Amino acid sequence: MEWKRAGIAKVEVNLPIVIIYCFMQSAGFETCQCVNLHGGSDTHCPLTVKMLDAVKGIPIGGVALQVFRQGADGTWGKVAHGNTDTAGEVHELITDQDFIPGIYRVVFDTKAYWKAEGRTPFYEFADVVFEAHAEEHRHYTLALLISPFSHTMTAVVSKVHD
């Protein structure tokens, strides 16, 4: 009750919401970011991935990830792979021509990251399965927020030239 006597307002904070908000702000969700990176062409960047360490509140560099597409027979075929850069991002994973409509799975090697940080993670990996649609050209940004015992994925799907 000291805060009441001092005339200070008590503010309740929803920490997960604050973390996600900060992540989205730091990740810079501009729909035209790929256009700028590729000299006016978005053909190399229909899928962008971003990662943030929720414990430290920083982007995660050096995390390996793989992108798979589901075949007509239900099996998964690897179509791309990469590592996050120092900004926690991966661009140019797959070209527009190769990013055809279908079901995709992105698998992040989060266990290796946490082991390197000296922590014992609960999850072996984090993954997301989503459908890329045919109507109009779209840009998909997948943002992954991780801690040793949880992960949250946010997707931003937009027209490239909005």
Considering only segment 53-101, state which residues are of a type in the set (A, V, I, L, M) and assigned to a strand (DSSP E or B).
I58, A64, L65, V67, V79, A80, V90
Among the residues of segment 110-136, how many are surrounded by fewer than 16 Cβ atoms within 10 Å (Cβ to Cβ) and farther than 15 Å from V79 by Cα?
14
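More than 13 Å from the chain's Cα centre (by Cα), among the aromatic types (F, W, Y) and not in a helix (DSSP H, G or I), is that true of Y113? Walk me through how you get there before you give the answer.
Working: more than 13 Å from the chain's Cα centre (by Cα): yes; among the aromatic types (F, W, Y): yes; not in a helix (DSSP H, G or I): no.
Taking the combined requirement at face value, the residue does not satisfy it.
Values in this text are rule-based calculations from the coordinates and carry no lab data. Just so it is clear, the model here is predicted, and its values are computed rather than measured. All Cβ positions, glycine included, derive from the backbone under ideal geometry; neighbour counts span all protein chains shown.
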